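**Student:** Submitted below is the structure of interest, expressed as C-alpha cells.
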C-alpha cells in the first residue's frame with residue numbers, strides 16, 4: 001500500500017515545530033475482522049517487510065491491477081449484463097432503458113443510472129456501438145462522478161496532535177484500518193497513539209494493542225464497558241503530555257438506526273472538543289461494501305452525528321455491489337480516501353477515481 005503521509009524531519013528553527021513531509025511507505029498485514037457471532041482471536045503473524053517506494057507511474061499501474069482483481073465480482077456482473085443488453089447494434093431507446101436498469105441493479109442507484117445513460121446517449125443515440133465503446137463511455141462518466149471525491153490523505157499539515165476518529169457499523173473494518181494506518185505512520189517516524197474506544201468488544205481492544213506493539217505506538221485502553229467518551233478525552237490529554245503527532249481513536253460498531261448508540265458517539269465528540277474545540281480533526285467513516293445501498297443511509301446518519309470528514313470503503317473484493325461507491329459519491333459531497341480490495345496490507349489503496357472507474361467496468365487498460 002503506497003500512502004503519501006509524513007515523516008519527521010528537523011525542527012523548524014522559527015516555530016520549534018517538527019513538521020512532516022510526504023513519503024511513500026507500506027503497512028503490515030491486517031487482521032481478520034471479528035464475526036458478529038463472537039470475537040475472533042487476533043492474527044499475531046509478524047508483518048511482512050515493507051516494499052521499497054516506487055515511482056508514481058508504477059504506483060498507478062499497480063493500483064489499477066489490484067483494483068481490477070479486487071473488483072472482479074462487481075465488474076463481472078456489469079460485463080455480463082452489458083452482453084445481455086447490447087444485443088442490437090444501435091443504441092436505441094429500448095437499449096438505453098435496459099442499460100439504465102442494469103446500472104440500478106449494479107447498486108449505482110437510480111440518479112446515477114439516469115445521469116450516465118443520458119450522457120452516453122447525448123452523442124451516440126441511434127448510432128452503432130460496440131460493447132467496448134459502451135464500457136469506455138461508462139468509465140468516463142463514472143470517473144466524472146467520482147473525481148471530485150478523490151482526496152489523498154496527507155498528515156504532514158494541520159494541528160498537532162492531530163486527532164482522528166474512526167466510526168462505522170459492526171464489522172465494517174474500523175480496527176483493522178486503524179492498525180494499518182498506525183503502522184504506516186509509525187514507520188515513517190510519526191509518534192502515534194492508539195485509543196481503544198471500542199470498550200464493548202475485547203477482541204477489538206486486543207487487536208489494537210497488538211498493532212500498537214508492532215508499530216511501536218502508544219496505546220490506551222480501559223476495562224470492558226468503560227465510558228468511551230472518557231477514554232477519548234484521556235487519549236487527547238495523553239497525546240499532548242507525551243508530545244504525540246497523531247491520535248487514532250477506535251469506536252464501538254453501532255447501527256445507524258440505534259439512537260442511544262449514536263448519541264454516545266456524539267458524546268465522544270463533545271468530550272474531545274473540551275480539550276480542542278477544532279477536534280476531531282478527521283472523522284473517517286469506514287463502510288463495508290457488501291451492504292450495498294444500505295451504505296447510503298450509514299453515510300447520512302454518521303455524517304449528521306459525528307461530522308464525518310472522509311470515507312474508507314472496505315471489502316470491495318467480496319461483493320458484486322462495488323457500484324454503491326458511485327451512488328455515494330453522487331449523493332454525498334464527502335472525500336473518499338481509501339478503498340480495500342482484499343485481506344492483505346497492500347490491498348488498502350488511496351482512492352483513484354480513474355482507476356476505480358476503469359476497473360469497475362472491466363477495462364484492461
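**Student:** Which order do the peptides 322-331, 295-304, 70-79 come out in when sorted by mean C-beta neighbours inside 10 angstrom, highest first?
**Tutor:** 322-331, 70-79, 295-304
**Student:** Can I ask one more? Just for segment 241-365, what percent of DSSP beta bridges are antiparallel, to the closest 5?
**Tutor:** So the antiparallel bridges amount to about 25 percent of the total.
**Student:** Using 7 Å Cα-to-Cβ label points, what is the residue 202/residue 242 separation (nm, one decimal)?
**Tutor:** Calculated label separation equals 2.4 nm.
**Student:** Quick check on segment 69-149: what are the equivalent-ellipsoid semi-axes from the Cα gyration tensor, as sqrt(5λ), descending, whole Å?
**Tutor:** Ellipsoid semi-axes (Å, largest first): 19, 15, 12.
**Student:** Can you compute the FRET efficiency between residue 294 and residue 333 using 1/(1 + (r/R0)^6), with r the Cβ-Cβ distance and R0 = 22 Å? Round to the nearest 0.05.
**Tutor:** FRET efficiency, residue 294 to residue 333: 0.65.
**Student:** Still on this structure, please answer the following. Compute the relative contact order of segment 69-149 as a whole-number percentage, counting only Cα pairs closer than 8 Å that sit 6 or more residues apart in sequence.
**Tutor:** For segment 69-149, the relative contact order is 31 percent.
**Student:** Tell me whether segment 188-271 comes out rounded, prolate or oblate; compute the Cα gyration tensor, take square roots of the eigenvalues as a ≥ b ≥ c, and use a/c under 1.5 as the rounded threshold.
**Tutor:** Since a/c reaches 1.5 and a/b is larger than b/c, the shape of segment 188-271 is classed as prolate.
**Student:** Taking the radius of gyration and the Kirkwood hydrodynamic radius from Cα positions alone, what is the Rg/Rh ratio for segment 153-354, to two decimal places?
**Tutor:** Taking Rh as the inverse mean 1/r over Cα pairs, Rg/Rh reads 0.94.
**Student:** Report, for segment 153-354, the % of DSSP beta bridges that are antiparallel, rounded to 5.
**Tutor:** Just about 10 percent of them are antiparallel.
**Student:** Here's something else I'd like to know. Given 0.36 nm per residue, what is the gain on full extension from residue 89 to residue 131 after removing their alpha carbon distance, in nm?
**Tutor:** Length gained between residue 89 and residue 131: 14.2 nm.
**Student:** At a Förster distance of 35 Å, what's the computed FRET efficiency of residue 154 paired with residue 226, Cβ-Cβ distance as r, to 0.05?
**Tutor:** My answer for the efficiency is 0.60.
Any read-out appearing in this document is the output of simple, stated calculations on the displayed coordinates, not a laboratory observation. As the structure is a computational prediction, the values presented were derived from the model and not from experiment. Virtual Cβ from ideal backbone geometry, glycine too; neighbours counted across all protein chains shown.
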